[in-house]
């Protein structure tokens with residue numbers, strides 16, 4: 001009689017651990033159904049704004065011209081303040097050389113403080129540090145840094161920090177800026193390989 005009760009109980013317990021374990025491992029890879037894909041930030045980009053798009057391609061996605069901030073043709077990076085679907089976003093561009101003399105400016109990163117923009121796991125402005133931990137603790141590399149108090153870079157902040165998240169496979173990284181352990185800004189940064 002004891003064996004008849006223990007065997008089904010053991011099967012139920014083991015099945016529960018397996019199901020819960022699988023759910024946790026897929027938290028950051030399975031989209032949160034509450035995240036609108038138009039506002040989803042992934043290592044590949046934000047909605048239709050994909051990393052590596054040229055300025056002309058970004059303008060086509062946005063449906064209009066963008067104004068680049070840098071006027072010096074010798075500098076290899078540039079930026080533009082835009083509204084992505086009405087949400088404030090800064091785009092960063094860098095040079096991708098076609099030949100030794102010619103290049104395109106391509107999307108190399110972005111940042112936003114919009115609470116509408118979230119990662120696939122649903123982490124965004126207003127989320128807390130534990131949300132990041134829960135979403136990315138398995139299968140990702142996370143680095144937590146305390147920010148500096150000011151631009152003298154002499155004292156570390158007790159309230160400001162940031163967390164970089166990557167897959168560890170050379171992907172682009174998502175940076176979460178935090179104040180008092182709450183996300184205040186999201187950034188997507190391009191990771192360069194040795195050939196660039």
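For segment 159-170, a residue qualifies if it is in contact with a strand residue (DSSP E or B) (Cβ under 8 Å, 6 or more places away or on another chain) and at negative phi, and the qualifying residues are 159, 160, 161, 162, 163, 164, 165, 166, 167.
Of the residues making up segment 112-136, just one is surrounded by fewer than 18 Cβ atoms within 10 Å (Cβ to Cβ) and assigned to a strand (DSSP E or B), namely 128.
Restricting 44, 100 to residues that are surrounded by fewer than 18 Cβ atoms within 10 Å (Cβ to Cβ), in contact with a strand residue (DSSP E or B) (Cβ under 9 Å, 6 or more places away or on another chain) and either modelled with pLDDT under 95 or more than 20 Å from residue 163 (Cβ to Cβ) (or both) narrows the list to 44. Filter segment 54-67 for residues that are surrounded by 13 or more Cβ atoms within 10 Å (Cβ to Cβ) and out of contact with any helix residue (DSSP H, G or I) (no Cβ under 7 Å at 6 or more places or on another chain) and give the result. Answer for segment 54-67, where residues must be surrounded by 13 or more Cβ atoms within 10 Å (Cβ to Cβ) and out of contact with any helix residue (DSSP H, G or I) (no Cβ under 7 Å at 6 or more places or on another chain): 54, 55, 57, 58, 59, 61, 62.
The values are calculated or read from the model by the stated rules, or taken from the named source; none is laboratory data. Please read all numbers here as calculations on a predicted model, not as lab measurements. A quick note on method: Cβ atoms are made from the backbone with ideal geometry, for glycine too, and the neighbour counts reach across all protein chains shown.
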